[in-house]
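Q: This is the structure I want to talk about, given as structure tokens.
Where a number appears in this text, it was derived from the coordinates with a stated rule and is not lab data. Owing to the predicted nature of the structure, the values given are computational and were not obtained by experimental measurement. Every residue, glycine among them, receives a Cβ derived from its backbone with ideal geometry; neighbour counts consider all protein chains shown.
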Amino acid sequence: MSVLTELAASLASGAVKTVDLTHTLDPDFPVMILPPEFGQCARFRVEEVSRYDERGPGWYWRNFSCGEHTGTHFDAPIHWISGRDLPNATVDAIPVSAFVGPVCVIDCAGEAAEDEDYLLEVETIEAWEAIHGEIPAGAWVLMRTDWSKRSGAEYLNMREDGAHSPGPSAQTIRFLVETRDILGFGTETVGTDAGQGAHLSPPYPAHYILHGAGKLGLQCLANLDQLPATGAILICPPLKIKHGSGSPLRVMALVEE
Ligand code: MN
């Protein structure tokens, strides 16, 4: 059997299942809040055009609007100043091969439950690799924190000094980019950086280092507890927005039972 014929048979039999890693686009879902002097990302908004009524007797449809970084979303390299001059740095120009690939999941749920400012360090990656093998070049790496199970104010976890949520250290992102040549990095939180990432060096190291190297980001992921550490395939094509810095998207994974 060819690889794809075998895959089709495995999908039909349930030997390969499809896992949804996406939050529902909803006006109530939180978006990142920047200090008030900066522009703000819009929440998801929706208005009805018609619903089998005088505005359209036989059909239901709506208009929606949102930020490029609203809900479960994709970050393109041009999102950050470090990536602004790279080729193919916008969502419409990234080769589509980047949107399907192997995924490694680093389970930090226990650590994040104990320390809301938990930083994923290189030693933890190395300990993970000692069990699961080296992260292959071109892989997506996802940081599982179970943060997606939070809701309301607990999700952004804002205080007077800003957001408190887990993320990677600068050294970890540099290691994943320079030593492992990953394709992208994803999180369950509202950004690829920790809530207090502005205080790291460089500030917002995941954004700065990933996008400066042409790597990609995913945020507000869900259901990472349903993925194995290795062996799944991630599918994450963003909307093809002209010159887009990112986009909401449906993210899913193929997982062998
Ligand atoms: Mn973003």
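Q: Let me spell it out: the conditions are (1) in contact (Cβ under 8 Å) with a residue 24 or more places away in the chain; (2) loosely packed, with under 13 Cβ neighbours inside 10 Å; (3) on the phi > 0 side of the Ramachandran plot; (4) not hydrophobic (A, V, I, L, M, F, W, C), and D146 meets all of them except one. Which number is the exception?
A: (2)
Q: Can you report the number of residues in the range 176-200 which are surrounded by 19 or more Cβ atoms within 10 Å (Cβ to Cβ) and either assigned to a loop (DSSP other than H, G, I, E, B) or within 16 Å of the ligand (Cβ to nearest atom) (or both)?
A: 16
Q: Does at least one position in the range 21-29 carry a residue that is under 17 Å from D146 (Cα atoms), within 14 Å of the ligand (Cβ to nearest atom), of a type in the set (F, W, Y) and surrounded by 13 or more Cβ atoms within 10 Å (Cβ to Cβ)? Give the steps one after another, and end with the answer.
A: First, the residues of the range 21-29 that are under 17 Å from D146 (Cα atoms): 21-24, 29.
If we keep only those that are within 14 Å of the ligand (Cβ to nearest atom) as well, we get 23, 29.
Filter once more, so that each one left must be of a type in the set (F, W, Y): 29.
Narrowing the set further to residues that are surrounded by 13 or more Cβ atoms within 10 Å (Cβ to Cβ) leaves 29.
Yes - at least one qualifying residue is present in the range 21-29.
Q: Can you tell me which residue in the range 50-75 is farthest from L21 (Cα to Cα), limited to those that are of a type in the set (G, A, S) and within 16 Å of the ligand (Cβ to nearest atom)? Break it down stepwise before answering.
A: If we filter the range 50-75 for residues that are of a type in the set (G, A, S), which is where we start, we get 50, 56, 58, 65, 67, 71.
Going one step further and asking which of them are within 16 Å of the ligand (Cβ to nearest atom), we end up with 67, 71.
Details: G67: 20, G71: 12 Å.
By that ranking, first place goes to G67.
Q: Any residue in the range 32-61 that's of a type in the set (S, T, N, Q): show its pairings with residues that are within 16 Å of the ligand (Cβ to nearest atom) at Cβ separation under 9 Å, as long as the two are six or more apart or on different chains.
A: Correct list of pairs: Q40/V31; Q40/M32; Q40/I33; Q40/L34; Q40/G67.
Q: Quick one: I78 ticks every box in (1) within 16 Å of the ligand (Cβ to nearest atom); (2) more than 30 Å from V255 (Cα to Cα); (3) assigned to a strand (DSSP E or B) except a single one, so which number is it?
A: All conditions are met except number (3).
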